[in-house]
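Accompanying notes for the structure given below.
Since every read-out is calculated from the coordinates, none of them should be taken as a lab result. Here the structure is a predicted model, which is why all the values come from computation and not from measurement. For neighbour counting, all protein chains shown are included, and Cβ atoms are generated from backbone atoms with ideal geometry for every residue, glycine included.
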Amino acid sequence: MTGEVERLRVELGDRAYEIVVGPRLIEGAGREILPLLRRRQVVIVADETVARLCLATLRDSLSEAEIAHHTVLLPPGEETKDLGHFGRLAEEVLEFGVERGTMLIALGGGVVGDLTGFAAATLLRGIDFVQIPTTLLAQVDSSVGGKTGINTRIGKNLIGAFYQPRLVLADTGTLTTLPRRELLAGYAEIVKYGLIRDAEFFTWLEAEGHSVCDLVPMALRRAVLTSCAMKAKIVASDEREEGDRALLNFGHTFGHALETETGFSARLLHGEAVALGMVLAFDFAARLGLVAAETASRVRRHLDAIGLPTRLSAVGLADLSPDHLLSHMSKDKKVRDGRITLIMPRRIGEVFVMKDAPVDALRDFLSAVD
Ligand SMILES: NC(=O)c1ccc[n+]([C@@H]2O[C@H](COP(=O)([O-])OP(=O)(O)OC[C@H]3O[C@@H](n4cnc5c(N)ncnc54)[C@H](O)[C@@H]3O)[C@@H](O)[C@H]2O)c1
C-alpha cells in the first residue's frame, strides 16, 4: 500500500481491530482480509447502488487472494434495515453454507453496515465481519465502534447488539460518487467530533471544511482519521455506553425528535438532523447562559457555510409544536424516568451530560426557534 494510507487501532483487548483509511483500499481488500480468515470463504453484503459502483473491484480483489465469495444484494435505503430484510439476509447466508469460520463483508453505508453487523452477531451465535464503509457518515461514525442493529415499527435501532468488526477499510476513493447531500450529512458528524472534544479540530474545519467536502485528498484523510481516532478512543474506554460514549450523541436528542417528526424519511437525513440538533443545543446553551451567544453563532456560521441546514424553516419544520418535540425527546432512548437528558456544550470542544434538562425553559426556547 502507498504512503497515502493510514492505520489506527481500536484498543479492545483480544477484540482490537484496525481502521485503515485511504484511497483504493477496495483494490487491496483481499490481501488485507486474508490474514484474518479462518476459512477462505466470505459473503459480501451490499446494496444495489453500491454494488454497481464497487462490487466488481471487491470481487476481483478477493479472487486474486483466492478467497471464495458469494454476494447478497439488498435494496438501498433505510427501509432495508428491518426485520424482513434481516430474515432474508440471514437465510440466504445460511443457505450458502456458512460455518463459524465464514466472514461477512459489509460493503456500503450505515444501513448495510448495521444490518450486516447484526447478522454477523447473531448467525451461528457470532461470525466475523469486516466493514467497508462507502458513505462519509459510515466512514467517520457507523462502521467504527460495534453498534449493530435494525429498526422495528416501534422505533429505530431497537433490536441490536454490540459486536465489533475484525477490520474497517475506509476507502476514501468511494466517496467521489456519493451525492453531495449525503456527503454533507456525513460531514455533520465530523463537525460533532470537534465540538465535543477538540476545539483545534473545529477551528481547522472552519478553514478546511470546504476542502474536506470537495474531497481534497489530504484534507479528507485528516478529517476521517481524526474522527475515527476520537471515536476509537471513546469506544475503547466505554464500549457499552455507560459513560463517555454518550457524549457522541451530541445533537442527537434534538435531531432524533426532528427525525421522528419527518418519519425518518429522505426529507431530513440523519446528519442533517444532527447539524440542526447541534445548532439547537448551542442556542439553548446560550439561552441558559452556559455559552456565549457568539460561540453559538460561530457553530451555526460554519454549518451554514458548508451548506448544512441550520434553521428549522430551511427544512420546512418551523411550525413544529414544541410539545410534540418535547414528547419525542422524552421518548428518546437517552431518557431515564421520563426526564429529558441532553448532551450540552460548555464551550467548543467540551460537552457534558445534563441529566435533568429544565423542561419549561426548553419549551420556551423551542417555541421561539425558527
Ligand atoms: N452503528 C452506528 O454506530 C451508527 C451510527 C450512525 C448512524 N448509523 C446508521 O447508519 C444509517 C445511515 O447510514 P448512511 O448515511 O451511510 O446511509 P445509507 O447506508 O442508506 O447510504 C445512503 C445512500 O447512499 C448510497 N451510497 C452508499 N455509498 C455510496 C457511494 N459510495 N456512492 C454513491 N452512493 C452511495 C446508498 O445506496 C444509499 O442510497 C442509519 O440507519 C443509522 O441508524 C449507525
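Give the average over all directions of the projected area of the C-alpha convex hull of the range 268-370, one decimal, in nm². Write down the numbers at each step before the final one.
Details: hull surface 25.1 nm².
For the range 268-370, averaging the hull's shadow over all directions gives 6.3 nm².
Based on alpha-carbon positions alone, could you give the equivalent ellipsoid semi-axes of the chain from the gyration tensor, as √(5λ), descending, whole Å?
On the way: eigenvalues 246, 98, 65 Å².
Here the semi-axes work out to 35, 22, 18 Å.
With charges only on Cβ, +1 for K and R and -1 for D and E, what is the dipole size of the chain about its Cα centre, in debye, rounded to 20?
Dipole of the chain, to the nearest 20 debye: 460 debye.
Sorted by packing (mean other beta-carbon atoms within 10 Å per residue), highest first, where do 136-149, 308-321, 167-180 land?
Highest-to-lowest ranking by the protection proxy: 136-149, 167-180, 308-321.
For the residues ASP370, ASP364, what sequence is obtained by ranking on other C-beta atoms within 10 Å, fewest first?
ASP370, ASP364
Check which residues have an amide H placed less than 5 Å from ILE44's amide H, if you skip close sequence neighbours.
Long-range HN contacts for ILE44: HIS70, THR71, VAL72, ILE105.
Considering every Cα-Cα pair within the range 53-97, what fraction, in whole percent, is farther apart than 14 Å?
Numbers: 591 of 990 pairs.
Percent of Cα pairs beyond 14 Å in the range 53-97: 60.
Pull up all non-local amide H partners of VAL291: gap of 5 or more, or a different chain, and H-to-H distance under 5 Å with H placed in the peptide plane.
Result for VAL291 returns ALA286.
Please compute the volume of the convex hull spanned by the alpha-carbon atoms of the range 1-125 and report it per residue in Å³.
Once divided by residue count, the hull of the range 1-125 is 114 Å³.
Put +1 on the Cβ of each Lys and Arg and -1 on the Cβ of each Asp and Glu in the chain; which of ALA185, LEU37, GLY108 then has its Cα farthest toward the positive end of the dipole?
Most positive-ward Cα: LEU37.
Enter the Cα centre distance for the pair the range 222-253 and the range 30-66, rounded to the nearest angstrom.
28
When the helices in the chain are scored as -39500 (n - 2.57) per DSSP H run of 4 or longer and the sum is shared across all residues, what 222 nm value do you end up with, to the nearest 500 deg cm²/dmol?
Dividing the helical sum by the residues of the chain leaves -13500 deg cm²/dmol.
For a footprinting-style exposure proxy, rank ARG339, ARG222 by other Cβ within 10 Å, fewest first.
ARG339, ARG222
Whole-Hz Karplus ³J(HN,Hα) for the range 87-104, in order, using 6.51 cos²θ - 1.76 cosθ + 1.60 and θ = phi - 60°, x for Gly and Pro?
x, 5, 4, 4, 5, 5, 5, 5, 4, 5, x, 6, 10, 3, x, 6, 10, 9
With a sphere of radius 12 Å drawn around the Cβ of THR71, what net charge do the other residues whose Cβ falls strictly inside it have (Lys, Arg +1; Asp, Glu -1)?
Working: positive: ARG59; negative: ASP47, GLU48, GLU92.
With Lys, Arg at +1 and Asp, Glu at -1, the neighbours total -2.
Just want the answer: with Cβ charges of +1 for Lys and Arg and -1 for Asp and Glu, which residue in ILE234, ALA273, GLY289 is farthest toward the dipole's positive end in the range 207-289?
The residue sitting most towards the positive pole is ILE234.
Anything over 18 Å Cα to Cα? Flag those among LYS81/LYS231; LYS147/LYS355; LYS156/LYS192; LYS81/LYS156; LYS192/LYS231, in the order listed.
LYS81/LYS231; LYS147/LYS355; LYS156/LYS192
Would you mind checking which residues have amide H under 5 Å from GLY251's amide H? H placed 1.01 Å from N; only 5 or more apart, or other chain.
When sequence neighbours closer than 5 places are left aside, the close amide H contacts are ILE343.
Which net charge results when you count Lys and Arg as +1 and Asp and Glu as -1 among the other residues whose beta-carbon is under 12 Å from that of CYS213?
-1
For the range 1-78, with the dipole built from +1 on Lys and Arg beta-carbon atoms and -1 on Asp and Glu ones, taken about the Cα centre, which of PRO76, PRO23, SER61 lies farthest toward the positive end?
Ranked along the dipole, the leading option is SER61.
Suppose a student asked you for the relative contact order of the chain, using Cα pairs under 8 Å spaced at least 6 residues apart; what percent would you report? Walk me through the numbers before you get to the answer.
Details: 680 pairs, mean separation 52.7, N = 370.
Over the chain, the number comes to 14 percent.
Among residues other than GLU11 whose Cβ falls under 14 Å from its Cβ, what is the net charge (Lys/Arg +1, Asp/Glu -1)?
The answer is +1.
Normalised by the number of residues in the range 1-134, what is the relative contact order in percent for Cα pairs under 8 Å and 6+ residues apart? Numbers along the way, then the final one.
Values: 206 pairs, mean separation 31.0, N = 134.
Dividing the mean separation by the residue count of the range 1-134 yields 23 percent.
Explain nothing, just the number: dipole magnitude of the range 247-347 about its Cα centre with +1 on each Lys and Arg Cβ and -1 on each Asp and Glu Cβ, in debye rounded to the nearest 20.
Dipole about the Cα centre, nearest 20: 380 debye.
With a cut-off of 8 Å between alpha carbons and a minimum separation of six or more residues, what is the relative contact order of the range 128-240 in percent?
Computed value for the range 128-240: 31 percent relative contact order.
So, how do all the Cα-to-Cα distances of the range 171-231 break down into 5 Å bins, in percent, from 0 on up?
The calculated distribution, bin by bin, is 4, 19, 34, 27, 12, 4, 0.
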